[in-house]
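Student: Take this structure, written in structure tokens, and hold onto it; I'll ask about it next.
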Amino acid sequence: MADAGLYIHIPFCEKRCLYCDFYTIAGSRNRIPDYIAALQREIALRAAEKFWQRQKFATIFFGGGTPSLLSSQQIATILDCCFAHFKFNEVLEVTLEANPGTIDGKQMANYRAVGINRLSLGVQSFEANELKLLDRVHSPQQARLAAQHARYAGFENLNLDFMFALPSQTRRRWQRTLQRAVALNPDHISAYNLTHGYRHYEISNFAKPGYEAQHNIKYWDGSAYLGLGASAHSFDGKRRFWNVANLRKYLDRLAENQLPEDGSEELTRQQRMFEFAFLGLRQRRGIPLAEFARKFKQPFEQVFNGEIVKMEAQGLLVREADYFSERRNLPT
């Protein structure tokens with residue numbers, strides 16, 4: 001059984017970005033202590049469930065929102081509660097998302113001291129006019145300084161987030177942003193396509209060897225993951241479930257010692273096989289055939305023979321060793 005991932009949603013933001021599709025709350029910092037107390041109750045309730053008692057977690061990811069609005073001591077309080085209730089792998093990736101405009105070098109050092117070992121900075125662009133378009137609170141210079149301060153603070157695993165296909169963005173501007181990003185020598189780069197109501201199905205993360213985001217991989221390889229906090233989603237291998245996307249309802253449910261679950265979906269065996277396949281294709285390595293056979297007790301080629309023949313004939317799919325992957329003319 002693969003180790004699980006733990007996601008903790010921090011919905012608070014200085015201001016809501018126009019492009020953001022996640023559940024966030026602008027302002028309301030005064031509710032953070034109440035939210036942390038509710039998170040602690042949710043952790044205790046989930047830890048009482050047999051499924052999560054059996055799991056060992058290998059990753060923790062603080063996403064948002066803007067988790068860097070919480071102090072290092074508040075983050076430590078949440079981590080301590082997690083460590084007291086769940087089992088963890090000895091090698092643990094702990095990521096915190098941060099806004100370059102709301103974090104400084106001292107804060108970074110404090111986060112590092114309480115156990116955050118991977119920092120993800122939401123840079124989005126190094127072009128001032130594009131940052132203004134996205135309604136970001138930081139400047140290109142602040143973003144560069146934040147990346148440098150992360151290194152000074154001791155972060156050896158640094159991700160920079162970017163967006164492309166912005167309105168009026170030229171290829172030259174996007175190239176310039178990427179050049180400035182690479183010059184900062186991050187260990188990982190995420191590049192997301194700005195869309196208007198469409199889901200974009202393609203690889204969006206790039207990493208130096210050994211610096212792949214272990215938490216993100218949990219989503220793509222069929223591992224279990226537990227989401228805590230308002231609007232957080234979870235998966236136990238067969239069932240998806242999600243929390244209420246409303247702060248007041250989230251706090252009220254947990255004040256009554258009730259889980260804040262808002263809905264769930266039980267996946268059929270066929271759905272799980274299909275998801276294993278298409279999520280595998282999101283990764284460069286492709287679909288692991290031995291893992292598919294072990295998981296579903298049936299060869300991949302037997303289940304998807306018609307699709308394989310068609311995609312191979314169209315030059316869209318290639319078999320390499322024990323994997324099926326998309327044919328991508330990408331540099332290694």
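Throughout, read-outs are computed from the coordinates displayed, never taken from laboratory work. On a predicted model such as this, the values are computed, not experimentally measured, just so you know. Quick reminder, even Gly has a Cβ in these numbers, built from the backbone with ideal geometry, and neighbours come from all protein chains shown.
Student: Hey, what did the range 55-211 get for relative contact order, percent, Cα under 8 Å, at least 6 apart? Let's see the in-between values first.
Tutor: Working: 235 pairs, mean separation 30.9, N = 157.
Relative contact order of the range 55-211: 20 percent.
Student: Here's something else I'd like to know. Could you calculate the FRET efficiency of Lys295 with Asn117 from 1/(1 + (r/R0)^6), where r is the beta carbon distance between them and R0 is 25 Å, rounded to 0.05? Let's see the in-between values first.
Tutor: Details: r = 30 Å, r/R0 = 1.20.
Taking R0 as 25 Å, the efficiency between Lys295 and Asn117 is 0.25.
Student: Dipole magnitude of the range 4-225 about its Cα centre, charges +1 at Lys/Arg Cβ and -1 at Asp/Glu Cβ only, in debye to the nearest 20? Walk me through the numbers on the way to the answer.
Tutor: On the way: 25 positive and 19 negative charges, 54 e Å.
With Lys and Arg at +1 and Asp and Glu at -1, about 260 debye.
Student: Divide by every residue of the chain the summed helix terms, -39500 (n - 2.57) for each DSSP H run of at least 4, and state the resulting mean residue ellipticity at 222 nm, rounded to the nearest 500 deg cm²/dmol.
Tutor: Numbers: 13 runs with 125 residues, N = 332.
Only helices count here, giving -11000 deg cm²/dmol.
Student: Give the distance, in whole Å, between the Cα centre of the range 259-332 and the Cα centre of the range 210-239.
Tutor: Here the answer is 17 Å between Cα centres.
Student: Give the long-range amide H neighbours of Leu228: residues separated by 5 or more places, or on another chain, with amide H under 5 Å away, using H modelled in the peptide plane at 1.01 Å from N.
Tutor: Under 5 Å from the amide H of Leu228 lie the amide H atoms of Tyr7, Ile8, His9, each far enough along the sequence or on another chain.
Student: Then there is this: Could you give me the ³J(HN,Hα) list for the range 28-38, computed from phi with Karplus coefficients 6.51, -1.76, 1.60 and θ = phi - 60°, whole Hz, x at Gly and Pro?
Tutor: Computed from phi, the couplings for the range 28-38 are 6, 4, 5, 8, 4, x, 5, 5, 5, 4, 5 Hz.
Student: While we're on this one: By a straight-distance test (C-alpha under 30 Å), which lysines pair with Lys310 as possible cross-link partners, with residues fewer than eight away in the same chain excluded?
Tutor: Lys218, Lys238, Lys295, Lys297
Student: Under a 5 Å amide H to amide H cut-off, with H placed in plane at 1.01 Å, what residues pair with Lys87 once short-range neighbours are removed?
Tutor: Phe57
Student: From the backbone phi of the range 58-68, what are the Karplus-calculated ³J(HN,Hα) couplings (6.51 cos²θ - 1.76 cosθ + 1.60, θ = phi - 60°) in whole Hz, Gly and Pro given as x?
Tutor: With coefficients 6.51, -1.76 and 1.60, one gets 10, 9, 10, 10, 8, x, x, x, 10, x, 6 Hz.
Student: Would you mind counting up the charge near Asp252? Only other residues with Cβ under 14 Å from its Cβ, with Lys and Arg at +1 and Asp and Glu at -1.
Tutor: Details: positive: Arg31, Arg41, Arg248, Lys249, Arg253; negative: Asp34, Glu42, Glu256, Glu261, Asp262.
Net local charge, Asp252 excluded: 0.
Student: In addition: Would you mind putting 294-306, 120-132, 152-164 in packing order, based on average other-beta-carbon counts within 10 Å, highest first?
Tutor: So the order, starting with the most tightly packed, is 120-132, 152-164, 294-306.
Student: Further question on the same structure: Using the Kirkwood radius over Cα pairs, work out the Stokes-Einstein diffusion coefficient for the range 1-134 at 20 °C and 1.002 mPa s, in µm²/s as a whole number.
Tutor: Details: Rh = 15.9 Å.
Answer, rounded: 135 µm²/s.
Student: OK, next. Can you tell which of Asn205, Leu251, Cys82 lies farthest toward the positive end of the dipole of the chain, using +1 and -1 charges on the Cβ of basic and acidic side chains (Lys, Arg; Asp, Glu)?
Tutor: Asn205
Student: Can you work out the FRET efficiency for the pair Lys310 and Glu265, with r the C-beta to C-beta distance and R0 = 22 Å, to the nearest 0.05? Present the calculation step by step, with values, prior to reporting the outcome.
Tutor: Details: r = 28 Å, r/R0 = 1.30.
That gives a FRET efficiency of 0.15.
Student: Another question, then. Across the range 315-324, in residue order, what do the Karplus-derived ³J(HN,Hα) couplings come to in whole Hz, using 6.51 cos²θ - 1.76 cosθ + 1.60 with θ = phi - 60° and x for Gly and Pro?
Tutor: Using θ = phi - 60°, the values come out as x, 9, 10, 9, 9, 10, 6, 9, 9, 9 Hz.
Student: Tell me which residues come under 5 Å, amide H to amide H, from Phe162 once H is placed; ignore anything under 5 positions away on its chain.
Tutor: Amide H neighbours of Phe162, under 5 Å, 5+ apart: Gln124, Ser190, Ala191, Tyr192.
Student: In Å, what Rg and Dmax follow from the Cα atoms of the chain?
Tutor: Final numbers for Rg and Dmax: 20.5, 59 Å.
Student: Output the Cα-based Rg and Dmax of the range 231-332 in Å, rounding Rg to one decimal and Dmax to a whole number.
Tutor: 18.9, 58
Student: May I ask for the distance between the Cα centers of the range 120-158 and the range 92-106, given as a whole number of Å?
Tutor: So the two Cα centres are separated by 10 Å.
Student: Can you tell me the FRET efficiency between Ala128 and Asn193 if r is taken as the Cβ-Cβ distance and R0 is 35 Å, rounded to the nearest 0.05?
Tutor: Working: r = 21 Å, r/R0 = 0.61.
Plugging the Cβ-Cβ distance into 1/(1 + (r/R0)^6) gives 0.95.
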